[in-house]
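Rule-based calculations on the coordinates, nothing more; no lab input. In this text, all values refer to a predicted model and were calculated from it rather than measured experimentally. Cβ atoms come from the backbone with ideal geometry, glycine included; neighbour counts cover every protein chain shown.
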Amino acid sequence: MERMQQVVGRARAAFNSGRCRSLEFRLQQLKALEQMVQEKEKEILAAIKADLHKCGPNAYSHEILGVLGELALAMDKLPSWAAPQPVKKNLLTMRDEAYICPEPLGVVLIIGAWNYPFVLVMQPLIGAIAAGNAVVVKPSEISENTAQLVADLLPQYLDKELYPVVTGGVPETTALLTQRFDHILYTGNSTVGKIVMAAAAKHLTPVTLELGGKSPCYIDKDCDLAVACRRITWGKYMNCGQTCIAPDYILCDPSIQSKVVENIKATLQEFYGEDVKSSPDYERIVNKRHFKRIVGLLEGQKIAHGGQTDEASCFIAPTILTDVSPESKVMEEEIFGPVLPILTVKSVDEAIEFINRREKPLALYVFSNDKKLIKRVISQTSSGGVTGNDVIMHYFLSTLPFGGVGNSGMGAYHGKHSFETFSHRRACLIKDLKMEGTNKLRYPPSSQKKVDWAKFFLLKRFNKGRVGLAVLALLGIVAAVVITVSF
Amino acid sequence: NPYAGLVSCLRAAWLCGKTRPMEYRVAQLEALGRFLDEKKQEILEATSSDMGKPSFEAEFSEIILCKSELHETLNNLSRWMKDEHVDKNSVTRWDSAFIRKDPYGVVLIIAPWNYPVNLLLGPLIGAIAAGNCVIIKPSEMTKNTERLVAEALPSYLDKDCFAVVTAGVQETTRLLENKFDYIFFTGSPSVGRIIMTAAAKHLTPVTLELGGKNPCYVSDTCDVQNVARRVAWGRFFNAGQTCIAPDYVLCSLEMQEKLLLALSKTITDFYGSNPQKSHDFGRIAGEKHFQRLQELLCSGQVVIGGETDEAERYIAPTVLADVHPSDPIMQEEIFGPILPIVPVANMDEAIDFINSRERPLVVYAFSSNNKVVNQVLERTSSGGFCGNDTLMHVTLTSLPFGGVGSSGLGMYHGKFTFNTFSHHRGCLHRYMGRETINALRYPPYTQQKLGLVRAASEVKRKGACTLL
């Protein structure tokens, strides 16, 4: 507890010194991060491999490429993101300066997850630094190699006081959460999400919670099944199914269920060869606890493909379940593993109803050649995000906010959205100390005339054309003169 | 759970999709406009009975400002509702990428007593505009307004989708046991914590409009009379019961003398020689607050005002001089017609003083020297900032209104209210074609594929050498 107080206290003192406010300083730190990622690429990939059995090119494209992209974007755009934004003024404030000024929040806490242990700590960190904050980083202890690496590397490249790394498990995180932060970004599950928000409530700390859920994937009869299934296979089995936006389960018409299974099987062969276990491109379950949990979900299910497991290496083969019942265990929790249940529905309406009866998911997927159908599914459901005719991909477009809704989370980040998440948008109005004329209409003693003037200034619905504005400006000047004279 | 039935009724209406079409939302908003027009007299009377609110203040703050928000919303709703198309990268070049504004579902708005109509309708306008069903909980402290809202408002709105709940502390606690899809609360930080803790149980996002002590720095170079008018107006409007009122003044001893003279003249200009008889000065909303404020009068020196009348819950427009930071009046948000002046040596001391305390809802700075105003702005942090005036930044609907730190989280007004009550859903609608490009991402993974993926997706720094 004391250690946490010290770490956070030092970060706060460092923030209060003001040194992380200048754009030059922030850009310098971001550049140093970029250097770190480039120079220590081998070490980072090795740590991820040790934690998740993920091979180099795979880990690079999932964890490093995205980070480099965010860094480049942040460094490029920071001056425009951080600049004050003038806002549209009304008649009353016509002669004033009115703008929104983005400011740092202060000391923020980032709690990472174990499934993409590097990027889920780095991407928020980039946004938090860009916004001018001090950041306490708490990587997940479950991906211990990456956690240790982050703890070793960040102090070598970044300002040690402003960006401390805290390692540890539940007791350390609990102690950390008793401290006061100015924003907390947590990636993980809903149960812990509630604990984080409750702890934040004590200090009125705003939170961004990137949680999870069961992301549904509807396959329409009218679609190119081969392509759809290949894309789904990629998204489902990457990282051995341990992806918050993996398609969790499939909804499709009973008449195409077996074709779906055939196509996925064929794709799995293409991706991982005959013997999945010996493919260097197939990962493992992160630990025994999750291994046992996922194996438990297979109980009583019709296994159409896969099902092989090996506890010693935490290996679970890519598995497909068919004719799954909505009430079964595998449909109760987020699977977070390489097990793909297929549930049959007779129509897209049934699919929509099914989705809406459940908690709002982090992602929603729909495959169809019919654009109208896709639009309908999007309009009649709710989810954190959507990709139509593919999976996962909305995550990679940083102009789209990435986050959940309802049980799958609150708030969003990526790209500029990260910068905004970690900033306070301060409304600023600077008036002239002279020009008391128009102010007089608001001072007591009151009169009906004053009420009428107030209505005029505040309620005029005006057309936004240039002529309209010019007329309005003229009216405003006339009004100011008249009021100065009569009051 | 006494409210479970009500919440599930609204949720059923929500699931039917009734509130989603734009025509529906516009109809409900226009009905709100009619409520403000047709019930104007009743609103003025209710707020007058509840807290002696002068009719000009009530008309300005409760009716006119609400209508301004309503007009802004109706003028812009179709644009706000549209999907926002976003810039794409090389991989998504041929796709459709947009942000969809989805309503949250069933939302809860809890309003405070100081501007009981404005702080209820303001958020409500945005919640309806964003397509939600709403449970509205007016403050139980202002009984007449509460009754008016509970009796009259439902007849203007669709009863299937909007409900008014009258509830005290106990009942509100029970109400909060239900799951809402968003909670919007205006009130004190201590209750804000309770609301957020209750929301955490259901992972309900919140906007908390709270409060604090809003400092008002007055530099030595300024037009003292104008400053006095603007500060007095902001402080004594609604008898000081305004979350963005200038809570205390920081200035030099020299300026304090000048200000006291100017403030004295201003108060007389505004309210006459006996403010208790003025039609333009309000009363304290409840006995508890009246007692609380009376006790605060012992801080510093009462130079102007100081008179009280318990029967009317009247506290005169009061200015206290030579107040010390450790005085009782400097320990809590005043929320009353008392203005303490805390002398400081200079601007730097004022800024340090402000920064050593919790971040307020607004920081005010008065100076004819723009540099001074900008210094205070840059070196402090607060929900909002207003230079050379008070309160006015909230009348501009293009500025977000909200706090930071213990003065709140989230923001609203104008488009920001609509955004507050919408989930911004990132949507990517891809083509089934061009599968060969996708093939780069599939296993088996090779260095070669990786090289191509890198080339396709890297964000190039402008001006970076592309030969490498």
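A straight line joining the Cα centroids of region B:247-325 and region A:115-150 runs 52 Å. Placing unit charges on the Cβ atoms only, positive for Lys and Arg and negative for Asp and Glu, gives the protein assembly as shown a dipole magnitude near 1780 debye about its Cα centre.
Net charge near residue B:445, counting Lys/Arg +1 and Asp/Glu -1 over other residues with Cβ under 14 Å of its Cβ? The answer is +1.
State, as an integer percentage, the relative contact order of chain A based on alpha-carbon contacts under 8 Å between residues 6 or more apart.
Numbers: 901 pairs, mean separation 85.0, N = 487.
Result for chain A is 17 percent.
Let me check I've understood the local charge: for residue B:226, count other residues with C-beta under 14 angstrom from its C-beta, Lys and Arg +1, Asp and Glu -1. What total comes out? Net local charge, residue B:226 excluded: +3. Rounded, prolate or oblate for region A:183-304? Axes are the square roots of the Cα gyration tensor eigenvalues, ordered a ≥ b ≥ c, and the cut-off for rounded is a/c under 1.5. Cα axes put region A:183-304 in the prolate bin. The relative contact order of chain B, computed from alpha carbon pairs under 8 Å that lie at least 6 residues apart in sequence, is 18 percent.
The distance linking region A:399-463 with region B:357-436 is 8 Å (Cα centroid to Cα centroid, whole angstrom). Per residue of B:189-195, other chain Cβ atoms within 10 Å of the residue Cβ number 2 on average.
Take the alpha carbon gyration tensor of region B:239-279, find the square roots of its eigenvalues, order them as a ≥ b ≥ c, and report rounded if a/c is under 1.5; if not, report prolate when a/b exceeds b/c, else oblate. Oblate, since a/c reaches 1.5 and b/c is not below a/b. Could you give log10 I(q)/I(0) at q = 0.09 Å⁻¹ for region A:216-404, computed by the Debye formula over C-alpha point scatterers of equal weight, without solvent? Log10 I(q)/I(0), no solvent term: -0.30.
Comparing B:8, B:125, B:372 along the charge dipole axis of the protein assembly as shown, the residue lying farthest to the positive side is B:125, per the Cβ-charge model. Bridging of residue B:415 to lysines at a Cα separation below 16 Å is possible for A:88, A:89, B:67, B:82, B:101, once same-chain residues fewer than 8 apart are set aside. Against the main long axis of the alpha-carbon atoms of chain B, helix B:143-152 sits at an angle near 40°. When shorter helices are ignored and each DSSP H run of at least 4 residues is given -39500 (n - 2.57), the per-residue value for the protein assembly as shown at 222 nm works out to -13000 deg cm²/dmol.
Against the empirical 2.2 N^0.38 Å scaling, what ratio does the C-alpha Rg of chain B come to?
On the way: Rg = 25.9 Å, N = 468, 2.2 N^0.38 = 22.8 Å.
Rounded to two decimals, the normalised Rg is 1.14.
Its Cα gyration tensor gives region B:376-417 an equivalent ellipsoid; the semi-axes, largest first and in whole Å, are 17, 15, 7. Sites listed here are trypsin sites (Lys or Arg not before Pro) in region B:127-218 whose DSSP assignment is loop and whose Cβ has at most 15 other Cβ atoms within 10 Å: B:159, B:201. Descending by average beta-carbon neighbour count within 10 Å, the peptides B:96-107, A:256-267, B:406-417 line up as B:406-417, B:96-107, A:256-267, the highest first. Going by neighbour counts of Cβ atoms within 10 Å, the residues B:260, B:361 line up, fewest first, as B:260, B:361. For region B:1-104, the Cβ-based charge dipole about the Cα centre amounts to some 620 debye (Lys, Arg positive; Asp, Glu negative; other atoms uncharged). Mind checking the angle between helix B:22-38 and chain B's longest principal axis? C-alpha axes, 0 to 90 degrees, to the nearest 10. Rounded to the nearest ten degrees, it is 10.
Got a sec? How would A:162, A:433, A:125 order by Cβ neighbour count within 10 Å, fewest to most?
Details: A:162 23, A:433 20, A:125 29.
Going from least to most buried by this count: A:433, A:162, A:125.
With the cut-off at 1.5 for a/c, could you classify the protein assembly as shown from its C-alpha gyration tensor as rounded, prolate or oblate? Mind showing how you got there, number by number?
Details: a/c = 2.14, a/b = 1.71, b/c = 1.25.
Since a/c reaches 1.5 and a/b is larger than b/c, the shape of the protein assembly as shown is classed as prolate.
Peptide A:414-426: average number of partner chain Cβ atoms within 10 Å per residue?
Values: counts 1, 3, 1, 3, 0, 0, 0, 0, 0, 0, 11, 8, 14.
Other-chain Cβ atoms within 10 Å of each residue's Cβ, averaged: 3.
Close amide-amide hydrogen proximity is noted between residue B:111 and B:137, B:139, each under 5 Å apart and 5 or more residues distant or on a separate chain (H modeled in the peptide plane; Pro and chain starts excluded).
Per the Cα gyration tensor, chain A maps to an equivalent ellipsoid with semi-axes of 49, 31, 19 Å, ordered largest to smallest. Partner shielding of B:412-425 amounts to 3, given as the average count of beta-carbon atoms from other chains within 10 Å of each residue beta-carbon.
Can you list the equivalent-ellipsoid semi-axes of region B:1-127, largest first and in whole Å, using the square root of 5 times each Cα gyration tensor eigenvalue? Numbers along the way, then the final one.
Working: eigenvalues 246, 81, 34 Å².
The answer is 35, 20, 13 Å, longest axis first.
Each Lys and Arg adds +1 at its Cβ and each Asp and Glu adds -1 at its Cβ; summed about the Cα centre, chain A shows a dipole of about 2660 debye. Fewest-first ordering of A:51, B:50 by other beta carbons within 10 Å of each residue's beta carbon gives B:50, A:51. Legend: residue pairs B:201/B:288; A:54/A:138; A:54/A:302, Cα-Cα distance threshold 26 Å; pairs beyond threshold, B:201/B:288; A:54/A:302.
Run down the aspartates and glutamates and flag those whose C-alpha is under 13 Å from the C-alpha of residue A:42, throwing out any fewer than 8 positions away in its chain. Partners within reach: A:63.
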